[in-house]
Ligand SMILES: [Fe+2]
Ligand SMILES: [Fe+2]
C-alpha cells in the first residue's frame, strides 16, 4: 500500500509528464527580442526555424507551462497570474497611500514598473505607460512614462536624491545618455511633473523582504481608477490590447 507522500509524488510525476507531452506537441516560440544577445539576431538559429526543422506546429495559444488566464482577464488577474515580484509595486503603492497621496498617485505607483515584471524591462516607463494608457487618467500614464527619466535626476525641493542603489545597479560611472537628458528637460516643466516625481519618491529602492502588502488592499482604488474593459484586457481592441495579449500568451508564435 503506497503512503500518502508516495501517492502525491506519483501524481506530481504524472502531471509533469502530461505537461511535457502538451508542450512537446506544439513548440512555444520565444520572440527574437528575448533571444537577442544570447544569439546574434542575424544568426539563423531561431525558435521558429528550429520548430520548422523539427516538423513541430507552433504554439498558437496559451503556454501550458504557465497558469491559464480567465477568458476575460482583469488587471487583478494579470497581477495574480502573470506578473512576477509584485511586492515592489505593492510596497510603492502602500508608501504612497501612507504618505497621504491621492488615488491617481497611488495607482501610478502601483503600476509604475508593470512592464519590468510583465513585459519588457528596457525603457519600461514608456512601455508601461503605453500598456495602461487606454484605461487610466492621462496624469497616471504620463507619470509612469516620466518616471523612466525623472528617477535619474535629483529634485532637492522634495528631498529626492540620485538613489544610492543606482550606483550598485548601474555602476558609479553611469551617466544618463543625451536623449534621457533631453526628455528630462521636456518633462521637468510639464503640469504633471510632480506626479512623475512622486513615483520616484515612493519607489522602494531598498526592497523590503520583511513586509508583505496584499493586492486586495488596492482592489477599490483599481476599481475606481482603472477602466477595466468588459471584454477583458487584450480583447477590447484598444491601442494596447495586443500588448496585454502578448503578456497573456508570451510564447504564442505569431
Ligand atoms: Fe521603474
Ligand atoms: Fe520601481
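Values in this text are rule-based calculations from the coordinates and carry no lab data. All values derive from a computational prediction rather than experimental measurement. When we count neighbours, we look across all protein chains shown, and the Cβ atoms used for this are built from the backbone with ideal geometry, even at glycine.
What FRET efficiency would be calculated for the residue pair residue 168, residue 4, taking the C-beta separation as r and a Förster radius of 51 Å, to the nearest 0.05?
Result of the calculation: an efficiency of 0.65.
What angle, in degrees between 0 and 90 and rounded to the nearest 10, separates the Cα long axis of helix 138-150 from the longest principal axis of the Cα atoms of the chain?
Taking the Cα atoms of the chain, the angle to 138-150 is about 90 degrees.
Return the Rg/Rh value of segment 176-237, two decimal places, where both radii are evaluated on C-alpha atoms and Rh is the Kirkwood radius.
Over the Cα atoms of segment 176-237, Rg/Rh equals 1.10.
If N is the number of residues in segment 4-53, what value comes out of its Cα radius of gyration divided by 2.2 N^0.38 Å?
Normalised by 2.2 N^0.38 Å, the Cα Rg of segment 4-53 equals 1.72.
Assign one of three labels to the chain, namely rounded, prolate or oblate, based on the Cα gyration tensor with a ≥ b ≥ c the square roots of its eigenvalues; rounded applies when a/c is under 1.5, prolate when it is not and a/b is larger than b/c, and oblate otherwise.
prolate
What do you get for the angle between helix 4-25 and the principal long axis of the chain? Use alpha-carbon atoms, 0 to 90 degrees, nearest ten.
The answer is roughly 90 degrees.
Could you give the alpha-carbon Rg of segment 20-114 over 2.2 N^0.38 Å, rounded to two decimals?
Output field value: 1.54.
Compute the relative contact order of segment 1-87 as a whole-number percentage, counting only Cα pairs closer than 8 Å that sit 6 or more residues apart in sequence.
For segment 1-87, the relative contact order is 27 percent.
If you build a Gaussian network model of the chain, linking Cα atoms that sit under 10 Å apart, which residue out of 91, 148, 186 swings the most?
186
How high is the FRET efficiency between residue 190 and residue 224 when r is their beta carbon distance and R₀ equals 35 Å, given to the nearest 0.05?
Working from the Cβ atoms, E equals 0.90.
Among rounded, prolate and oblate, which fits segment 138-228 when a ≥ b ≥ c are the square roots of the eigenvalues of its C-alpha gyration tensor, a/c under 1.5 means rounded, and a/b larger than b/c means prolate?
Oblate is the answer for segment 138-228, as a/c is 1.5 or above yet b/c matches or exceeds a/b.
Treating the angle as unsigned and between 0 and 90°, give the value, to the nearest 10°, between the Cα long axis of helix 178-187 and the longest Cα principal axis of the chain.
The two axes meet at around 60 degrees.
Which residue fluctuates most in the GNM of the chain (Cα springs below 10 Å): 224, 145, 82?
So, out of 224, 145, 82, the one fluctuating most is 224.
In percent, how large is the relative contact order of segment 75-248, given Cα pairs closer than 8 Å and 6 or more residues apart?
29
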